[in-house]
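Bear in mind that the values in this text are calculations on the coordinates, not laboratory data. As the structure is a computational prediction, the values presented were derived from the model and not from experiment. A quick note on method: Cβ atoms are made from the backbone with ideal geometry, for glycine too, and the neighbour counts reach across all protein chains shown.
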Amino acid sequence: MYKVNNCLIDYEELLIILGARTIRPPPVPVPAPDPDDQKEVVLKSLLDKLISQSDIECQCNDVVFVVGEEKVKIGASRYVLSAVSKHFKKMFCGGLRESTMRDVEIPLEEFEPDTFWILLQWLYGQSFEDAAKSVLCKRENFTSEEESYESYYLTSLLNLLKISDYHGVKLKDEVESKIINGSYISIINVCECLVWSKDSKATRLRDYCKKYIKSNWELVLEQKLEYRANASDIQEEEDQTRMLELLLSDDH
């Protein structure tokens with residue numbers, strides 16, 4: 001109240017009768033919500049620079065990956081990658097050759113450019129689903145007569161499993177769950193998936209494939225024998241023979 005000592009505040013009604021006046025401040029204005037959270041602004045800006053690749057030699061991209069047999073060049077930021085991956089932190093900040101070089105080119109011939117793109121976008125903060133959707137062929141646009149969309153997508157997931165394991169990132173767990181829960185494994189491909197699981201040290205997928213083979217042993221064996229008998233060339237016959245040896249080994 002105006003010009004009223006604090007010790008008299010409890011007698012507000014009496015004070016008003018005696019002529020004291022009440023101060024009425026206006027409502028405190030509520031700031032309008034900011035649609036752009038600062039964290040989201042930073043992540044979106046970094047992701048946009050990665051995806052655009054408008055100037056691969058710009059300062060934002062101080063490392064270039066040369067990916068696949070096609071030698072596709074993909075620029076990225078050492079600082080971003082070091083912040084989100086122990087593998088890259090060791091590479092760029094751990095005293096390795098790459099940490100002392102100004103211009104860095106890293107060859108990754110054993111990986112597919114598409115799957116490396118998905119990995120990078122995930123490391124930059126994009127969800128796996130959004131990253132995969134932006135890179136991989138869509139089901140409705142899939143026109144190959146030699147390969148089904150499911151086979152194509154499974155191959156992409158297995159490649160992504162391998163590259164995630166190589167770089168030691170948690171995306172591997174998400175991809176492994178996607179393969180197991182997505183009903184992509186079948187009599188036809190379970191042996192190949194088992195091999196991939198071992199190469200990628202994906203223990204959950206490996207155990208699932210073993211149980212799948214055990215539950216469908218006769219069908220899997222019959223299918224592999226048929227594939228070997230109908231092999232179109234020596235290479236395919238050798239591949240199917242290796243799959244049979246895997247099936248018949250105690251360690252499958």
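Find the Cα radius of gyration of the stretch 139-252, compare it with 2.2 N^0.38 Å by division, and give the number to two decimals.
Normalised Cα radius of gyration, the stretch 139-252: 1.10.
Enumerate the amide H contacts of residue 216 below 5 Å, restricted to partners 5 or more residues apart or on another chain; note that Pro and chain-start residues carry no placed amide H.
Amide H to amide H, under 5 Å and 5 or more residues apart or across chains, residue 216 pairs with nothing.
Using a Gaussian network model of the chain with C-alpha springs under 10 Å, which one of 229, 83, 202 is most mobile by mean-square fluctuation?
229
Cross-link partners among lysines for residue 214, C-alpha distance below 16 Å, same-chain residues fewer than 8 apart left out?
By straight Cα distance, residue 214 reaches 224.
Grab the Cα-Cα distance for residue 105 and residue 229, subtract it from 0.36 nm times how many residues apart they are, and report the gain in nm with one decimal.
Answer, rounded to one decimal: 40.1 nm.
Can you compute the FRET efficiency between residue 43 and residue 215 using 1/(1 + (r/R0)^6), with r the Cβ-Cβ distance and R0 = 41 Å? Round to the nearest 0.05.
So, using R0 = 41 Å, E works out to roughly 0.40.
Just to be sure I understand: with springs between alpha-carbon atoms less than 10 Å apart, which residue in 157, 221, 50 has the highest mean-square fluctuation in the Gaussian network model of the chain?
221
Which far-off residues, 5 or more places away or on another chain, put their amide H under 5 Å from the one on residue 63, with H placed in the peptide plane?
Distant-sequence amide H within range of residue 63: 76, 78.
Could you work out how far apart the two model spin labels at residue 148 and residue 188 are, taking each label as a point 7 Å from the Cα in the direction of the beta carbon, and quote it in nm?
Taking the two extended label points, one gets 0.5 nm.
Dipole of the chain, Cα-centred, from +1 at each Lys and Arg C-beta and -1 at each Asp and Glu C-beta, to the nearest 20 debye?
1460
For residue 68, list long-range residues whose amide hydrogen, built 1.01 Å from N in the peptide plane, is under 5 Å from its own amide hydrogen.
108, 109, 110, 111
Taking Cα atoms, how many degrees apart are the long axis of helix 38-52 and the longest axis of the chain, rounded to 10 and kept between 0 and 90?
30
Could you tell me which label, among (i) 18.0, 56; (ii) 20.2, 65; (iii) 29.7, 109, carries the value of Rg and Dmax of the Cα atoms in Å calculated for this structure?
Only one option fits the structure, namely (iii).
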